[in-house]
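The values are calculated or read from the model by the stated rules, or taken from the named source; none is laboratory data. Here the structure is a predicted model, which means the values were calculated and not measured. Positions of Cβ are generated from backbone atoms using ideal geometry, with glycine treated the same way; all protein chains shown enter the neighbour counts.
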Amino acid sequence: MSVEFIGFIANSNSSETVVRSGPVLDPPFIETVAKAHELAGFDRALLAFHSTTPDALQVAQHVLTITKSLKVMIAQRPGFTAPTLLARQLATLDQFYGGRVSLHVITGGNAIELRQDGNTLDDKDERYARTDEFLDVVRLEWTSEKPFNYTGKYYNVENGFSTVKPLQKGGVYTFVGGGSDAAIEVAGKHADTFALWGESYAQVRDVTARVRAAAAKHGRPTPRFSLSVRPILADTEEKAWKKADDILERATALQDQTGYRRPNHATDGAKRLLALADQGTRIDKRLWTEIAKLTGANSNTTALVGTPEQVAEVFGDYYDLGVSHFLIRGFDPLVDAIEYGRELIPLTRKLIAARDEQRGIAAE
């Protein structure tokens, strides 16, 4: 099973420990970080979606234009754009840029934020039911060779058809995330890869088993799995933990300025990370939960702390549990991306290739 590294390209230089000083949309920063990811050996990079931030589709197009091989993972929320239109937008990009487009479907757990975009569907299970229909229509738009009709509770399409199809056969590669039972069911039906946050070994075993069971209900092969985590690296373990402590100190001091504060809600995914944090600050070999506890786990906020060799070993453990995609981003976005490419990514690829060779698994 091939392993893939996914980075993260923000719209400006900011994080839990970095206060944004430039514009909200900072093209030179985006270009620098995108090229750094490509040179560092990342396979693709996530472009996030939020109800108040620059449009991820347009940012992704710019990233694709200034890179040659880096793929993009474009986050989108069902309910804002018609599925027929989004399908054509993504198919067009995929044709322009050699099949380098993927879709990350995030249904959204914060009803207050969703209402900023005029989305008044407050019941989360209903939102996932709408996501299910949305992805039905998207897939039909990508694959149907003749006009189709679709009748659902949330979407009704008459003679839908797209003359442009994705370059990728069968449609644009699709990631689905979410922590609720409804999210698991949608992922089992639609996901090429199911996206986990940085959870414990036990939690990964639990979620992957549930997704596999959901996929089996639909007669689909098991999706792949991604894990989102924040590596904190140093040349010794002691220095790495000291670095983690410094990050926590800065993040705590800067919360008012960065805006990374506990929200007034917790999604199911956040609840899982917070439950993990309640078990202790260090889980399994080196999973660190302090930033999740500080910020309410409002995004991927758990970290792996250690030397590049130690963190690569943990990635190998997750790989043995079925994880093949690792979404990694640092607290110093540009510097950390370069550092990951220098040691962590090559070490992990080498370690996993060696494990596969020992087991007689052919590389894909």
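Working only within the range 189-199, note down all residues that are in contact with a Ser or Thr (Cβ under 9 Å, 6 or more places away or on another chain) and not aromatic (Phe, Trp, Tyr). Full working, then the answer.
Step one: list which residues in the range 189-199 are in contact with a Ser or Thr (Cβ under 9 Å, 6 or more places away or on another chain), which gives 190-199.
If the condition is that a residue be in contact with a Ser or Thr (Cβ under 9 Å, 6 or more places away or on another chain) and not aromatic (Phe, Trp, Tyr), then HIS190, ALA191, ASP192, THR193, ALA195, LEU196, GLY198, GLU199 are the ones that fit.
I'm trying to understand the selection: among the residues of the range 49-74, which are modelled with pLDDT under 95 and either of a type in the set (Val, Ile, Thr) or within 14 Å of LEU327 (Cα to Cα) (or both)?
THR52, THR53
So LEU25 ticks every box in (1) assigned to a loop (DSSP other than H, G, I, E, B); (2) buried (at least 17 other Cβ atoms within 10 Å of the Cβ) but one. Which box is left unticked?
(2)
Take the range 171-215 and flag every residue that is assigned to a helix (DSSP H, G or I), of a type in the set (Gly, Ala, Ser) and in contact (Cβ under 8 Å) with a residue 12 or more places away in the chain. It would help to see each step written out before you state the result.
Here is the first cut: in the range 171-215, the residues assigned to a helix (DSSP H, G or I) are 181-190, 201-215.
Next, only the ones that are of a type in the set (Gly, Ala, Ser) stay: 182-183, 187-188, 202, 209, 213-215.
Once the filter is applied, which keeps residues that are assigned to a helix (DSSP H, G or I), of a type in the set (Gly, Ala, Ser) and in contact (Cβ under 8 Å) with a residue 12 or more places away in the chain, the range 171-215 yields ALA182, ALA183, ALA187, GLY188, ALA213, ALA214, ALA215.
Does at least one position in the range 223-238 carry a residue that is part of a helix (DSSP H, G or I) and among the acidic types (Asp, Glu)?
Our first condition is that a residue be part of a helix (DSSP H, G or I); within the range 223-238, this holds for 237-238.
Narrowing the set further to residues that are among the acidic types (Asp, Glu) leaves 237-238.
Scanning the range 223-238 turns up at least one residue that is part of a helix (DSSP H, G or I) and among the acidic types (Asp, Glu).
Take the residues in the range 316-364 that are at pLDDT 95 or above and among the polar types (S, T, N, Q), then tell me which one is farthest from THR17 (Cα to Cα).
In this case the residue turns out to be SER324.
Hey, does the range 217-236 have a residue that's without any contact (Cβ under 8 Å) to a residue 40 or more places away in the chain, more than 15 Å from LEU304 (Cα to Cα), of a type in the set (Gly, Ala, Ser) and touching a Ser or Thr at 6+ places or on another chain (Cβ under 9 Å)?
The answer is no; no qualifying residue exists.
Determine whether the range 221-232 contains at least one residue that is modelled with pLDDT under 95 and over 17 Å from ILE283 (Cβ atoms).
Just the residues of the range 221-232 that are modelled with pLDDT under 95, to begin with: 221-222.
With over 17 Å from ILE283 (Cβ atoms) added as a condition, the list becomes 221-222.
Yes.
Does the range 108-126 contain at least one residue that is modelled with pLDDT of 95 or more, out of contact with any helix residue (DSSP H, G or I) (no Cβ under 6 Å at 6 or more places or on another chain), in a loop (DSSP other than H, G, I, E, B) and not small (Gly, Ala, Ser)? Show your work before the answer.
Restricting attention to the range 108-126, the residues satisfying the condition of being modelled with pLDDT of 95 or more are none.
No; the residues of the range 108-126 include none that is modelled with pLDDT of 95 or more, out of contact with any helix residue (DSSP H, G or I) (no Cβ under 6 Å at 6 or more places or on another chain), in a loop (DSSP other than H, G, I, E, B) and not small (Gly, Ala, Ser).
Would you check if there is a residue in the range 328-338 being acidic (Asp, Glu) and either more than 18 Å from ASP245 (Cα to Cα) or in contact with a strand residue (DSSP E or B) (Cβ under 8 Å, 6 or more places away or on another chain) (or both)? Walk me through it before giving the result.
Of all residues in the range 328-338, those acidic (Asp, Glu) come to 332, 336.
Of the ones still in play, those that are also either more than 18 Å from ASP245 (Cα to Cα) or in contact with a strand residue (DSSP E or B) (Cβ under 8 Å, 6 or more places away or on another chain) (or both) are 336.
Within the range 328-338, one or more residues are acidic (Asp, Glu) and either more than 18 Å from ASP245 (Cα to Cα) or in contact with a strand residue (DSSP E or B) (Cβ under 8 Å, 6 or more places away or on another chain) (or both).
If a residue must be part of a loop (DSSP other than H, G, I, E, B) and either free of Cβ contacts under 8 Å to residues at least 40 places away in the same chain or within 27 Å of the chain's Cα centre (by Cα) (or both), how many such residues does the range 141-170 contain?
Of all residues in the range 141-170, those part of a loop (DSSP other than H, G, I, E, B) come to 144-147, 152-155, 161-170.
Remaining after also requiring either free of Cβ contacts under 8 Å to residues at least 40 places away in the same chain or within 27 Å of the chain's Cα centre (by Cα) (or both): 144-147, 152-155, 161, 163-170.
Total meeting the criteria: 17.
Rundown of residues vs (1) free of Cβ contacts under 8 Å to residues at least 12 places away in the same chain; (2) part of a strand (DSSP E or B); (3) among the small types (Gly, Ala, Ser); (4) crowded, with 24+ Cβ neighbours inside 10 Å, yes/no style:
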position	(1), (2), (3), (4)
VAL63	no, no, no, yes
ALA75	no, yes, yes, no
PRO78	no, no, no, yes
LEU86	no, no, no, no
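Is there a residue being of a type in the set (Phe, Trp, Tyr), more than 21 Å from ARG77 (Cα to Cα) and exposed (fewer than 15 other Cβ atoms within 10 Å of the Cβ) anywhere in the range 155-169?
Taking the range 155-169 first, the residues of a type in the set (Phe, Trp, Tyr) are 155, 161.
Cutting the leftovers down to more than 21 Å from ARG77 (Cα to Cα) gives us 161.
Narrowing further to those that are exposed (fewer than 15 other Cβ atoms within 10 Å of the Cβ): 161.
Within the range 155-169, one or more residues are of a type in the set (Phe, Trp, Tyr), more than 21 Å from ARG77 (Cα to Cα) and exposed (fewer than 15 other Cβ atoms within 10 Å of the Cβ).
Among (1) surrounded by fewer than 22 Cβ atoms within 10 Å (Cβ to Cβ); (2) closer than 25 Å to TYR97 by Cβ; (3) more than 17 Å from the chain's Cα centre (by Cα), where does TYR173 come up short?
(3)
Can you report the number of residues in the range 230-248 which are under 20 Å from LEU294 (Cβ atoms) and surrounded by 17 or more Cβ atoms within 10 Å (Cβ to Cβ)? Break it down into steps so the answer makes sense when it comes.
Initially, the range 230-248 is screened for residues under 20 Å from LEU294 (Cβ atoms), giving 230-232, 240-248.
Still in the list and also surrounded by 17 or more Cβ atoms within 10 Å (Cβ to Cβ): 230-232, 240-241, 244, 247-248.
Within the range 230-248, residues that are under 20 Å from LEU294 (Cβ atoms) and surrounded by 17 or more Cβ atoms within 10 Å (Cβ to Cβ) number 8.
ALA36 - would you say it is buried (at least 16 other Cβ atoms within 10 Å of the Cβ), of a type in the set (A, V, I, L, M) and over 22 Å from ALA195 (Cβ atoms)?
Values: buried (at least 16 other Cβ atoms within 10 Å of the Cβ): yes; of a type in the set (A, V, I, L, M): yes; over 22 Å from ALA195 (Cβ atoms): yes.
Judged against the criteria, ALA36 is a match.
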